[in-house]
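Novice: Sharing a structure with you now.
Just so it is clear, none of the values below were taken in a lab; they were calculated from the coordinates. Remember, predicted model here, so these are calculated numbers, not experimental data. Note that each Cβ is placed from the backbone with ideal geometry, even for glycine, and that neighbours are counted across all protein chains shown.
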Amino acid sequence: MSNDFESHHSASFTSVDEKKNNLPQDFDIDMDDPETEKAAVAIQSQFRKFQKKKQDVKS
């Protein structure tokens, strides 16, 4: 009997670098565009506010 776990899950053991290089064909966001960076910062800011608000409600 072969190692079923390893053969079944081998595709899920990929490094972060491999995932970055294996982007879907329809991935057309220019990661070097300054507008992309501004959008990412805005999204992260809103997410942090949401997390803080969620944490304050729990306490």
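Novice: Please give, to one decimal in nm, the separation of the simple spin-label points placed at Lys54 and Val41, each 7 Å out from Cα toward the Cβ.
Specialist: Roughly 2.4 nm, to one decimal.
Novice: Separate question: Highest first, please rank the peptides 43-52, 25-34 by the mean number of other Cβ atoms sitting within 10 Å of their residues. Walk me through the intermediate numbers first.
Specialist: Details: 43-52: 10.0, 25-34: 7.7.
Those peptides, ordered most packed to least, come out 43-52, 25-34.
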